[in-house]
Amino acid sequence: MNEKPMKSAVVGCGAISDIYLTNMINRFDILEVAACCARNPEHAARKAQQYGIKASTYEEILADESIELIVNLTPAPAHYEIIKKALEAGKHVYTEKSMTVSLEEAAELVRLSEEKGLYLGSAPDTFLGSSFQTARKAIDDGLIGEITSCTIAANRDLNFLCSISSFLLMPGGGICYDYGVYYLTALVSILGSVRRACGIVRNPYPLRTNCNPSSPDFGKEMIHKNESQVSAVLDFADGFTGTFQLNGDSIIFDQAGITIYGTRGILRLPDPNQFGGEVLYLPASFDFANPPKPQSLPDIFGFSDNSRGIGPAEMAHAIRAGRPCRAGKEMAYHVLEIITAIMKSSETGSFCEIHSSCERPRPLKPEALNGVFSLD
């Protein structure tokens, strides 16, 4: 496949931009990174010099007709305005998660992209990594039979994380919007849509203390208005139930767990915040004297390392081929509606219906040579 590279620009030059720029420039031939911009022009200038690209203003990027794709890496509260301006300027957009902090704003952007005939995609793209593609293949091949339930349990130390990443104090920085979105996107990509949800959401420590000794705000109080604990029930469209529990008031080392139960076996999946990791299969057995041991499924897919940037690259391939992209707006909107329903349910004390749905993204195909895979 010899496709014309897609000229792209990165908006936002924070910490996450390094891995995006590195991969987009050096790893994906479909992308040609031309420029970057940031709210602080000095940040953009430093990144531009580091990566051999042009530092521009956002207005200059929007006015450049040769730039087809905007990759938005700004904090969530800025997403709506940046994405809307890009779509109005005729640019395709791939954005960091979540698409917006408001379901109504996300719906507006989805409509606008459709009216303009433009692609709109959103992180997380970690479900395109080796571990979740391995799990997807196992499920599609019927390895664990019919799905009967699933569980998610994960923890973080938000007090420490907020001390090193101030954007977590902004709207959209809570544990469900910023962290749970990885789990929900991974599950929806494998298991399909959710039709209703209920949950209990708490923030028991709205006043926290900066505990990062290297921070200029060390020892100062921080106001944390976002959710830090979530316990929810998800009713999937295919007729099974999942539980979803996040605790941001725990220890710093994430203990992530996803388990998918089936009639013929069980899958245990790694942290969906990563691209790789071991996928364990526990087969069904009636030999109680010699219970089966979990088996590590072979990794026949590539991209087990930090592959951020695969989402924009896959989108560029999709645009060139005229097909849907995998990390597309439909799944991103659906996941945002699930989160919104959990938040609303915590207020009403009842299940909330999910009105949107999405198709599972097409699985990736392993290649026979060199352990890599095709994006098509």
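Structure above, values below:
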item: Any chance Pro292 is without any contact (Cβ under 8 Å) to a residue 40 or more places away in the chain, open to solvent by 70 Å² or more (accessible area, probe 1.4 Å), more than 21 Å from Ile190 (Cα to Cα) and of a type outside the set (D, E, K, R); result: no
item: Residue satisfying all of: in the range 168-197; in contact with a Pro (Cβ under 7 Å, 6 or more places away or on another chain) and not hydrophobic (A, V, I, L, M, F, W, C); surrounded by the most Cβ atoms within 10 Å (Cβ to Cβ) among these; result: Thr185
item: Within the range 314-339, tally of residues that are more than 20 Å from Ile83 (Cα to Cα) and either in a helix (DSSP H, G or I) or over 22 Å from the mean Cα position of the chain (by Cα) (or both); result: 6
item: Residue check for Ser66: touching a strand residue (DSSP E or B) at 6+ places or on another chain (Cβ under 9 Å), in contact (Cβ under 8 Å) with a residue 40 or more places away in the chain and surrounded by fewer than 23 Cβ atoms within 10 Å (Cβ to Cβ); result: yes
item: Which listed residue is at pLDDT 95 or above and under 22 Å from Gly129 (Cβ atoms), from Leu184, Leu234; result: Leu184
item: Scope the range 239-259; condition farther than 22 Å from Asn203 by Cα and part of a loop (DSSP other than H, G, I, E, B); matching residues; result: Gly239, Phe240
item: Cβ-Cβ under 9 Å pairs, at least 6 apart or on other chains, the range 153-166 side over 21 Å from Pro272 (Cα atoms), far side of a type in the set (D, E, K, R); result: Asn159/Arg208; Asn159/Asp249; Ser163/Arg208; Ser163/Asp217; Ser166/Asp217
item: Verdict on Leu120 being more than 13 Å from Ala332 (Cα to Cα) and either among the polar types (S, T, N, Q) or touching a strand residue (DSSP E or B) at 6+ places or on another chain (Cβ under 9 Å) (or both); result: no
item: Test: residue in the range 146-153 that is outside the structural domain of Tyr20 (by the TED database) and open to solvent by less than 20 Å² (accessible area, probe 1.4 Å); result: yes
item: Tally of residues being open to solvent by 50 Å² or more (accessible area, probe 1.4 Å), at pLDDT 90 or above and touching a helix residue (DSSP H, G or I) at 6+ places or on another chain (Cβ under 6 Å) across the range 295-322; result: 2
item: Among the residues listed as Val181, Val230, Val201, the single one being within 20 Å of Asp157 (Cα to Cα), part of a strand (DSSP E or B) and in contact with a Ser or Thr (Cβ under 6 Å, 6 or more places away or on another chain); result: Val201
item: Residue satisfying all of: in the range 260-274; open to solvent by 80 Å² or more (accessible area, probe 1.4 Å) and not in a strand (DSSP E or B); nearest to Asp238 (Cα to Cα) among these; result: Thr263
item: In the range 16-31, the residues that are in contact (Cβ under 8 Å) with a residue 40 or more places away in the chain, open to solvent by 40 Å² or more (accessible area, probe 1.4 Å) and among the aliphatic types (A, V, I, L, M); result: Ile16, Ile19
item: Any chance Ile200 is among the aliphatic types (A, V, I, L, M), without any contact (Cβ under 8 Å) to a residue 60 or more places away in the chain, open to solvent by 10 Å² or more (accessible area, probe 1.4 Å) and assigned by the TED database to the domain that holds Gly265; result: no
item: Failed item in (1) open to solvent by less than 40 Å² (accessible area, probe 1.4 Å); (2) under 20 Å from the mean Cα position of the chain (by Cα); (3) modelled with pLDDT of 95 or more; (4) not aliphatic (A, V, I, L, M), with Gly257 passing the rest; result: (3)
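The values are calculated or read from the model by the stated rules, or taken from the named source; none is laboratory data. In this text the structure is predicted, and so the values were computed from the model without any measurement. Reconstructed Cβ throughout: ideal geometry from the backbone, glycine too, with neighbour counts over all protein chains shown. Quick note on the areas: whole protein, heavy atoms, side chains included, nothing else; ligands and nucleic acids left out. Shrake-Rupley method; radii C 1.70, N 1.55, O 1.52, S 1.80 Å.
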